[in-house]
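Below is one structure; the comments refer to it alone.
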Amino acid sequence: MVLNGWKEISVHLHCGVRSAQRWQGEGLPIRRVTSGPRSHVFAYSEQLDSWLNDGNLRQVHNTARIPVHLRSRELVAQMRESRQTLHQNMTNLRGAMDMLRDRQREIAATPALFSPSDKTRNILDRHAPRRKP
């Protein structure tokens with residue numbers, strides 16, 4: 001099958017137009033209608049598939065990027081795990097806060113358990129958050 005233009009060639013190769021153009025310098029089998037760097041290009045899909053299967057593409061790729069790609073996957077997995085841990089911790093914290101609020105209500109409902117002296121009440125009043133009228 002004949003592929004006309006960089007866009008069709010890049011779609012067939014599952015890459016971007018710029019990548020396909022770069023691979024031209026590495027031996028990608030494309031043809032030009034007339035000679036010249038900006039003339040129309042076309043390629044045969046069979047030749048492109050053969051070029052890919054021969055391993056020429058693997059030689060073109062920068063192998064230094066492979067560890068970066070693997071590290072990126074590891075970081076994404078760590079991020080997911082951290083999010084799950086954070087979600088679990090937030091759920092636990094909400095439960096603890098609800099328990100403290102309930103305990104605070106119990107204490108407030110039974111004033112006989114805690115009757116602060118005047119001195120203690122003054123200290124508590126000074127350090128209590130001020131309420132807006």
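Read-outs throughout are calculated quantities, based only on the coordinates presented, and are distinct from any laboratory measurement. All values derive from a computational prediction rather than experimental measurement. All Cβ positions, glycine included, derive from the backbone under ideal geometry; neighbour counts span all protein chains shown.
General observations
- Relative contact order computed over region 2-60 (Cα-Cα under 8 Å; 6+ residues apart), in percent: 36 percent
- Burial ranking of peptide ranges 24-36, 5-17 (average Cβ count within 10 Å, highest at the top): 5-17, 24-36
- Couplings 3J(HN,Hα) for region 90-98, derived from phi with the Karplus relation 6.51 cos²θ - 1.76 cosθ + 1.60 (θ = phi - 60°), are 5, 5, 4, 5, 4, x, 5, 5, 4 Hz, where x marks Gly and Pro.
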